[in-house]
1. Springs between alpha-carbon pairs under 10 angstrom, Gaussian network model over chain C: which of C:32, C:79, C:40 fluctuates most?
2. Given Cα pairs under 8 Å that are at least 6 residues apart, what percent is the relative contact order of chain C?
3. Taking the Cβ-Cβ separation of residue B:224 and residue A:262 as r and a Förster radius of 56 Å, what is the calculated FRET efficiency to the nearest 0.05?
4. Return the inverse of the average 1/r over all pairs of distinct C-alpha atoms in region A:17-96, which is the Kirkwood hydrodynamic radius, in Å to one decimal.
5. Region B:241-364: percent of C-alpha pairs farther apart than 19 Å?
6. For a footprinting-style exposure proxy, rank B:7, B:263 by other Cβ within 10 Å, fewest first.
7. Determine the percent antiparallel among the DSSP beta bridges restricted to region B:4-234, to the nearest 5.
8. Report, largest value first, the span of the C-alpha coordinates of region B:4-234 along each principal axis, in whole Å.
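No value in this document is a laboratory result; all are computed from the given coordinates. Quantities reported herein were computed from a predicted structural model and do not represent experimental measurements. Every residue, glycine as well, gets a Cβ built from its backbone with ideal geometry; the counts of neighbours run over all protein chains shown.
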């Protein structure tokens, strides 16, 4: 009994310790985002009193985080929308229609999931330069679409293939054509899976750094991850303001997480749980 | 309202054997036609070809005199009820009912009227706002039926619509369907592997096996005059008893007559001319007798008149079913089932004689297994 | 799963057959094209073409993008003698092999803790998952501070418990830098593996665990003889997934150490990036060569790993 209680206590200690380990860094940045750099230099682990909420305003406007935020939102929302539509159409086609080469296309798309994206980095850069898409959000969005499309198709195909064939036959007998079936049957019925991929793509692209740093050079067009990184490079000492910028970039994710934590976890792990 | 005509319609997948092998079938206007057969016999594929959701490899399909081989499903004016119901899970019952009408640009008030009419008729009115997931199996089935009915199509197709229901509900829905057929008077094609459904619902039954049509006829015709041993065994519960006995010719005062017999059984073949059976003399014939035609006890009259047949055996099992009793008798290695009254005094293990009237005998060719037509 | 590449002759033959979908009524090519076309276009233009172009580029010196100069295999010869590249490959492989073991191992242990019916499971699951959501940029900045020599929490804690001698320049010391980065990676991804393992444990047939209970199996025994063998497919999947992800690692290194000090944290990705965009060498041919070679390495390792892990699986089950 004693050993059992001891084991229980040990377990609880581990849980508390790991929770602190996982959560502390984030909470710490949270406190720093509300303190001035001078206050932080005096004591790095102090509580924000008074809380300098004005710092968020300063970062948002004076340090151009509003621009970064808008750019990120534009390019991520735009590409996620395109990925979802294009990916769902392709996934439906691969899941539902029998045609020669179906599995070959599936296999090629599926294999490209494992490719490290930096393999194509240089050629993508060259291509975008040639088509005058370098240093534009259009170009970055196009690259983002290609980055997440294979995984999206893979996940959606798995789900769509499980929709019973009878539903499609019923819709056909009810008088619906191929495209109406896609928009009025596949998309609504596949909504849970589509929501999962939307969340997954949103998070991954919101955090994307490599292509953003290579394909965008104009400060006015930078996305949040690159914006913060550049800000940190320029104001290495201004820890307080960097922390505020970090919080601004994390906030959308945290807000979504607060409301849809289960769905979000499901989305993030969708590729692994099968 | 329409006729449906299949002329040597076949279906093959890739290079495999034919899933449906030149089916000829002519369904009259307003007829309730049942396609009956074991799973994999091609009955569902045939139905799906009629629906237009499966392409026709060869042959010709016409609905109401129009060849529709290459007409897409949506332009055939048919409605189909699926085994899995195939209700749209993201729509309410009302939307499920209206879905097919909206596509056909039926005016809104007309859609509303028809949905109300059908939902009243099927008792669906209280559930119109619900999603299919909130309905019971029987309710879903009715929605599936309603979805077909609001369309007021030329032809109704049913693909084993009752097999997901429990027994009591199945009987209710069966009667409901028969009632709707009488009310609508539409052409209906109904696929099932359940012989009770086939017997009770169909104007005619088309029995299929291994992709081919074996027999078409009214339910009783198919039951009492099976075209071959397959139909004989497939229809009827318990299935028809089949015995293999050598045929021979005997002479008595009334002239020549044929029989099939060995030391344990004698089957008079008085329904056939001796001349017809002459080629079979000495060969093993397949004899069929329905379980309800067997009686317990030796024949009262003498067998020399040729009126009654008999067989000896030992009782393997007795299954009292309440209203009747099934007695399983093992006769020379062949299992024979007799359907007897509710009181059976015999015991398991007892040696018994079963007798039957010569008029109850079916005769099948031992090689082709086809029935040899009765002649008297 | 990305890791499960089809293998064997039958799998290859299956590729050339029609799909498993049920629609046999012969959809027109136009319909197929409209559904599949956009995806194939994106794939062709943004994945297949760049990949082919990268390999093509690797045979050129491209100082001026408009005038590539054919140099044959010269880049490959140079690469074979490139010490920095060798170092980068070694670091990346260390990272790819070691980090997934820790990721999956810690994730499994955390999942087991949560499976042991502790209170607040839901909260803990959500809390532990949080690092997964943070971008590498954010993670890198925060850990730069946490690793700070003077006031970073790591050194502060060592000094507080009287182990001031262990306080180090975690990212400045060539012997510690790579390990320090991998530690951060594990911190970020353990929660992800925890969630997947937890889901897998919950989907285990409860009778098996109960049977183990009846056999008087302790926690250790249950873990070793029941849970881990049953979770084997999931754990392998996670491992391969993590392995592939680590072969791409860039953001964390680039922001925290830029590959330094003394190439101790250089990875293939950072080296490609440096040679292409950061150094003033103005040649896209050589980094394209690195990328092409790395492409081959990734394919071979994934196939090898797949074969290795799979064949063992076949022997054991």
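1. C:32
2. Numbers: 307 pairs, mean separation 93.7, N = 317.
Relative contact order here is 30 percent.
3. Values: r = 63 Å, r/R0 = 1.13.
It comes to 0.30.
4. Working: mean 1/r = 0.0614 Å⁻¹.
When all Cα pairs of region A:17-96 are included, the Kirkwood radius is 16.3 Å.
5. Values: 3444 of 7626 pairs.
Cα-Cα pairs of region B:241-364 separated by over 19 Å account for 45 percent.
6. Working: B:7 14, B:263 7.
Sorted ascending by nearby Cβ count, the order is B:263, B:7.
7. Numbers: 18 of 36 bridges.
Given both bridge residues lie in region B:4-234, the antiparallel proportion sits at roughly 50 percent.
8. So the three principal-axis extents are 50, 39, 31 Å.
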